[in-house]
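Novice: Here it is, the structure in full.
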Amino acid sequence: MLDCQRKAVEELYDIKSQVDVFIGVGTSAQVFPAATLLQFFADVPQKYFIDPNPPLAALNGFTVLPGKASDKMPELVNILMT
């Protein structure tokens with residue numbers, strides 16, 4: 001692992017306990033290394049995922065908003081603001 005990657009992982013561990021909401025968008029559930037974030041933040045109280053074709057098997061415990069991010073982000077903002 002490169003030093004910059006190691007530092008990024010250490011920073012993730014540092015902030016993990018402060019995260020109340022995790023939002024995944026698009027193919028991030030299907031590509032490495034972004035897909036590992038789904039597992040890393042599995043214990044976050046609120047988890048959302050936006051994708052036109054969400055990989056539901058990988059999104060257990062997520063609130064899934066199927067569709068384009070440009071359409072669904074305003075909906076998610078409304079959800080989070082209420």
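The values are calculated or read from the model by the stated rules, or taken from the named source; none is laboratory data. The shown structure was predicted, so the numbers you read here are calculated from the model rather than taken from an experiment. Heads up, the Cβs are rebuilt from the backbone with ideal geometry, glycines too, and the neighbour counts pull from every protein chain shown. With ligands, DNA and RNA removed, areas are computed over all heavy atoms of the protein, side chains included. Shrake-Rupley method; radii C 1.70, N 1.55, O 1.52, S 1.80 Å.
Novice: If you take the residues in region 35-57 that are hydrophobic (A, V, I, L, M, F, W, C) and out of contact with any strand residue (DSSP E or B) (no Cβ under 8 Å at 6 or more places or on another chain), which one is nearest to Arg6 (Cα to Cα)?
Specialist: Among those that are hydrophobic (A, V, I, L, M, F, W, C) and out of contact with any strand residue (DSSP E or B) (no Cβ under 8 Å at 6 or more places or on another chain), it is Phe40.
Novice: Restricting to region 17-70, what's the tally of residues that are open to solvent by 60 Å² or more (accessible area, probe 1.4 Å) and in a strand (DSSP E or B)?
Specialist: Summing the residues that are open to solvent by 60 Å² or more (accessible area, probe 1.4 Å) and in a strand (DSSP E or B) in region 17-70 gives 5.
Novice: Taking interchain pairs and intrachain pairs at least six residues apart, which have beta carbon atoms under 7 angstrom, with the first residue in region 51-62 and under 17 Å from Phe40 (Cα atoms) and the second surrounded by 14 or more Cβ atoms within 10 Å (Cβ to Cβ) and among the basic types (Lys, Arg)?
Specialist: Gly61/Lys47; Phe62/Lys47
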